[in-house]
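Q: Take this structure first; my questions come after.
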Amino acid sequence: MAIGAFAEGPAGAGYSGRVTSFVVLSCIVAGSGGILFGYDLGISGGVTSMESFLSKFFPDVYHQMKGDKNVSNYCRFDSELLTVFTSSLYVAGLVATLFASSVTRRFGRRASILIGGTVFIVGSVFGGAAVNIYMLLLNRILLGIGLGFTNQSIPLYLSEMAPPQYRGAINNGFELCISIGILIANLINVGVEKIADGWGWRISLSLAAVPAAFLTMGAIFLPETPSFIIQRDGNIDEAKILLQRLRGTTRIQKELDDLVSASNVSRTIQHPLRKIFKRKYRPQLVIALSVPFFNQVTGINVINFYAPVMFRTIGLKESASLMSAVVTRICATVANIVAMVVVDRFGRRKLFLVGGIQMILSQIMVGAVLAAKFKDHGGMEKEYAYLVLIIMCVFVAGFAWSWGPLTYLVPTEICPLEIRSAGQSIVIAVIFLVTFVIGQTFLAMLCHLKFGTFFLFGGWVCVMTLFVYFFLPETKQLPMEQMEQVWRRHWFWKRIVGEEEEEREARSIALSNT
């Protein structure tokens, strides 16, 4: 048995139930929030490669791309203002998700979804109507606030609504929605780029309001999760009725008892964001910090929001670069569907490891092709440009069935109810923070490190794959309320958990003697 694995119990650990249409409809509405995130990732990369958009808001970049032959191919899009436009969203999202933790805990998952969707709609209006860089930046900041709330609350909602034996597949639907959002954005960019007067980017930016409106209207009718109902006011009867509808059976007492027990513990925690830093929650904190960090240093968001820019850099024309982004996203979407089918059968660790190896090889191959065939000046032969595209497809597929969906799934699984909202806030905050850093530095890195940028990302993927092998336990099909078992059986974490339990027992004995 591999280090870090543990003996698995029966599916659902004694829970009854199935995936009902009520669960499916609720999760479709909530999961559609992933389309917001995906749409923004895809749309921002597309519009920043459109000449009409660049000439209006980023004329220096436009002139570098079109006329300055002294500028290295790797540096044509290197602009601080352009990177601020792209990454300002993530600073706003980082701040917003910390506020969202309190809203989600006190007022519910649905409340955070409603707030996020509403703010996203307002931000979309500013994007479509932008006449100067300040309106564009306001657009990005409002979108970031909206995403801070939705990305914090939706994975929690999906994990708490899903039956344990299908939790992986249902939660992975959020990543599938992200991928669909990127694909839709890429297709829209391809279509509007052909508008003769050059105002197609306004359509791209303003259409973000459509999925946001769907999510916001749908969230009005969403039920709250049984976990939150019990946590909020202890209404066990209401939670029992809802749980019976969700599971399609009246035999839900075991799951209900676990939810009540978890809620009783949760009520004793006053400041979960502070509590998660206690030694007792050390394993959960490490996972909540490391998994989203590693997710971003794969370089995936470089592909997501700089793919058209990157393909233009290596010599493809505007239309071809936008279409190339569509091709990579189709591959990712298919891989997301594969992940939903296999994640609860094969488990999280296997997908992490297989996807990691796939991404390592892809990054090394891209770096090697660019090192051999793409110089500072002059173009790259089309055959090699399309070879890079094929390798990128392999890379995004590896990410889409491993680190993409599992980054949102695993941290929600391993955090007990009392710190679950805080843990998810940390996950989203780390994603936004590292995305901001990479978004701010990638174009400069590409300019200075050139093809070495991809070797750097490949090195990070090696590190994170080793981390999974040694330190990440398997969590498939185990109820979240019983997840402490994974730490007691893990070769490394059981020492910390064991020492914490011994200290707690010693304190209890000392108090009783007193």
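The values are calculated or read from the model by the stated rules, or taken from the named source; none is laboratory data. Predicted, not measured: the structure shown is a model, and the values here were computed from it. Positions of Cβ are backbone-derived with ideal geometry, glycine not excepted, and every protein chain shown enters the neighbour counts. Quick note on the areas: whole protein, heavy atoms, side chains included, nothing else; ligands and nucleic acids left out. Shrake-Rupley method; radii C 1.70, N 1.55, O 1.52, S 1.80 Å.
Q: Using only alpha carbon pairs under 8 Å that are at least six residues apart, calculate the relative contact order of the chain and give it in whole percent. Provide the component values of the computation, followed by the final result.
A: Values: 890 pairs, mean separation 137.6, N = 514.
Normalised by residue count, the contact order of the chain is 27 percent.
Q: Among ASN171, LEU138, GLY108, whose Cα projects farthest towards the positive end of the dipole of region 79-203, with charges put on the beta-carbon of Lys, Arg (+1) and Asp, Glu (-1)?
A: GLY108
Q: Based on Cβ point charges of +1 for Lys and Arg and -1 for Asp and Glu, what charge dipole magnitude is obtained for the chain about its Cα centre, in debye rounded to the nearest 20? Before the final figure, lay out each step's value.
A: Working: 45 positive and 34 negative charges, 64 e Å.
The calculation lands at about 300 debye.
Q: Roughly to the nearest percent, how much of the accessible area of the chain is carbon and sulfur, given a 1.4 Å probe?
A: Details: 12740 of 19490 Å².
Taking all protein chains in place, the chain shows 65 percent carbon and sulfur surface.
Q: Follow-up question, since we're still on this one. Taking each pair of different alpha-carbon atoms in region 317-367 once, compute 1/r for the pair, average those values, and report the inverse of that mean as the Kirkwood hydrodynamic radius in Å to one decimal. Before the final figure, lay out the partial values.
A: Working: mean 1/r = 0.0784 Å⁻¹.
Taking the inverse mean of 1/r over all distinct Cα pairs, region 317-367 comes out at 12.8 Å.
Q: Quick one: the Cα spread of region 392-497 along its three principal axes, in angstroms, biggest first?
A: Largest first, region 392-497 extends 49, 27, 26 Å along its Cα principal axes.
Q: Please list 84-91, 422-429 highest first by mean number of surrounding beta-carbon atoms within 10 Å per residue.
A: Values: 84-91: 22.4, 422-429: 26.8.
Going by the mean number of other Cβ atoms within 10 Å, highest first, we get 422-429, 84-91.
Q: Over the Cα atoms of region 110-195, how large are the radius of gyration and the largest Cα-Cα distance (Dmax), in Å?
A: Spelled out, the Cα radius of gyration and Dmax of region 110-195 are 15.8, 50 Å.
Q: Counting C-alpha atoms alone, how compact is the chain: give Rg to one decimal and Dmax as a whole number, in angstrom.
A: 23.2, 84
Q: For the chain, what does -39500 (n - 2.57) per DSSP helix run (n ≥ 4), summed and divided by total residues, give at 222 nm, in deg cm²/dmol to the nearest 500?
A: Details: 24 runs with 397 residues, N = 514.
Computed mean residue ellipticity for the chain: -26000 deg cm²/dmol.
Q: If you don't mind, there's one more thing I want to ask. Per residue, how much accessible area does the chain have with a 1.4 Å probe, in Å²?
A: On the way: 19490 Å² over 514 residues.
With all protein chains present, the chain gives 38 Å² per residue.
Q: Taking every pair of distinct Cα atoms and averaging 1/r, then inverting, what Kirkwood hydrodynamic radius in Å comes out for region 389-432?
A: Numbers: mean 1/r = 0.0852 Å⁻¹.
After inverting the mean inverse Cα-Cα distance, the result is 11.7 Å.
Q: Something else about it: For region 164-306, just run the numbers: alpha carbon Rg, then divide by 2.2 N^0.38 Å, N being how many residues it has.
A: Numbers: Rg = 21.3 Å, N = 143, 2.2 N^0.38 = 14.5 Å.
Relative to the 2.2 N^0.38 Å estimate, region 164-306 comes out at 1.47.
Q: May I pose another question? For region 85-133, what Kirkwood radius comes out of the mean inverse Cα-Cα distance, in Å? Working shown, then result.
A: Working: mean 1/r = 0.0825 Å⁻¹.
Value: 12.1 Å, from the Cα pair sum.
Q: Follow-up question, since we're still on this one. Apply the Debye scattering formula to region 429-487, with a single equal point scatterer on each alpha-carbon and no solvent, then give log10 I(q)/I(0) at q = 0.29 Å⁻¹.
A: -1.10
Q: Between beta-carbons, use under 14 Å as the cut-off and find the net charge around ASN235, counting Lys and Arg +1, Asp and Glu -1.
A: Values: positive: ARG232, LYS240, ARG267; negative: GLU224, ASP233, ASP237, GLU238.
In short, -1.
Q: Compare GLU224, GLU499 by solvent-accessible area with a 1.4 Å probe and give them largest first, with all protein chains kept in place. Intermediate values should be presented prior to the final figure.
A: Numbers: GLU224 20, GLU499 85 Å².
Putting GLU224, GLU499 in descending order of accessible area: GLU499, GLU224.
Q: By its C-alpha gyration tensor, with a ≥ b ≥ c as the square roots of the eigenvalues, how is region 53-210 shaped: rounded for a/c under 1.5, else prolate for a/b larger than b/c, else oblate?
A: On the way: a/c = 2.19, a/b = 1.96, b/c = 1.12.
The shape class here is prolate.
Q: On to the next question. Cα gyration tensor of region 189-253, axes a ≥ b ≥ c as square roots of the eigenvalues: rounded (a/c below 1.5), prolate (a/b > b/c) or oblate?
A: The shape class here is prolate.
Q: Another one. When N counts the residues of region 316-462, how does its alpha-carbon radius of gyration compare numerically with 2.2 N^0.38 Å, as a ratio?
A: Numbers: Rg = 17.3 Å, N = 147, 2.2 N^0.38 = 14.7 Å.
Compared with the compact-globule rule of thumb, region 316-462 sits at 1.18.
Q: For each cysteine in the chain, check whether another cysteine's C-beta sits under 4.7 Å from its C-beta; list those where none does.
A: CYS27, CYS177, CYS415, CYS462 - these cysteines have no disulfide-compatible partner (Cβ-Cβ under 4.7 Å) in the chain.
Q: In the full protein assembly as shown, how much of TYR469 is accessible to a 1.4 Å probe, in Å² to the nearest 10?
A: Ignoring ligands and nucleic acids, TYR469 comes out at about 90 Å².
Q: In terms of the ratio Rg/(2.2 N^0.38 Å) built on C-alpha atoms, what value belongs to region 363-410? Please list the in-between numbers first.
A: On the way: Rg = 14.1 Å, N = 48, 2.2 N^0.38 = 9.6 Å.
Working it through for region 363-410, the quotient is 1.48.
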